[in-house]
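Colleague: Take this structure first; my questions come after.
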Amino acid sequence: MAAKIPFVHEMDFEYEKPQQVSPLIRRLVAKNPGPFTFRGTGVYIVGHGEVAIVDPGPDDPEHIEALLKAVEGEIVTHILVTHRHMDHSPAAHPLAARTGAKVYASTIPPKPSECDALRLEAGDDHYFTPDINVEDGERFSGPGWTIEAVFTPGHTTNHMAFALIEENALFPGDHIMGWSTTVIGPPDGDMTDYFNSLE
Ligand SMILES: [Zn+2]
């Protein structure tokens with residue numbers, strides 16, 4: 001008998017408009033709806049005044065402008081990226097260039113693939129390279145917020161979730177999604193790693 005998973009399909013939001021979802025977290029939904037993103041990538045702004053941005057999203061000029069507008073008058077201190085997929089990482093460096101923040105992610109390389117064209121079509125941001133490597137357990141902080149990296153390979157070899165200590169909250173990237181099960185696409189995706197990370 002299949003277990004019924006209570007996926008959440010109701011979402012109250014407006015594209016590219018920041019929305020306060022908890023005292024420390026604002027969410028902005030990028031306008032890139034699709035079979036892997038549902039309504040669009042959830043981009044998170046953590047803190048007030050000096051902020052971290054988690055998963056800046058697609059490299060779409062309108063999206064990047066909306067994100068810059070959302071943090072107008074604030075200082076972006078960290079750009080944290082959960083993994084190298086086209087819906088999560090490509091805005092990181094354009095946003096870094098505009099804000100002066102550094103890009104943080106795991107530099108663990110993808111597993112070798114026989115076909116790079118296939119890999120790109122599958123949504124990998126193959127050439128994504130952060131400014132600074134992130135290790136499991138590493139912490140980043142700003143006024144009133146502390147984020148800890150939680151290494152969660154499986155969806156990709158470099159997948160990091162980020163825990164917001166003050167709110168006991170987790171940004172799980174594509175490790176766990178509210179509206180669907182995730183996709184584990186070999187060779188970069190690995191089901192054994194995925195289950196170990198769930199544990
Ligand atoms: Zn992904």
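Read-outs throughout are calculated quantities, based only on the coordinates presented, and are distinct from any laboratory measurement. Since this is a predicted model, take the numbers as computed values, not measurements. Note that each Cβ is placed from the backbone with ideal geometry, even for glycine, and that neighbours are counted across all protein chains shown.
Colleague: What number of lysine-lysine pairs in the chain show an alpha-carbon separation below 30 angstrom, given a sequence spacing of 8 or more or placement on distinct chains?
Modeller: Close lysine pairs under the 30 Å cut-off: 9.
Colleague: With axes computed from alpha carbons, what is the tilt in degrees of helix 61-70 against the longest principal axis of the chain, rounded to the nearest 10 within 0 to 90?
Modeller: Compared with the principal axis, the helix lies near 50 degrees.
Colleague: Let me know the longest stretch in the chain that avoids all chymotrypsin sites (Phe, Trp or Tyr not before Pro) found in a DSSP loop with at most 13 other C-beta atoms within 10 Å.
Modeller: Here the longest run is 8-126.
Colleague: Compute the FRET efficiency between ASP131 and LYS17 as 1/(1 + (r/R0)^6), taking r as their Cβ-Cβ distance and R0 = 35 Å, and round to the nearest 0.05.
Modeller: 0.75
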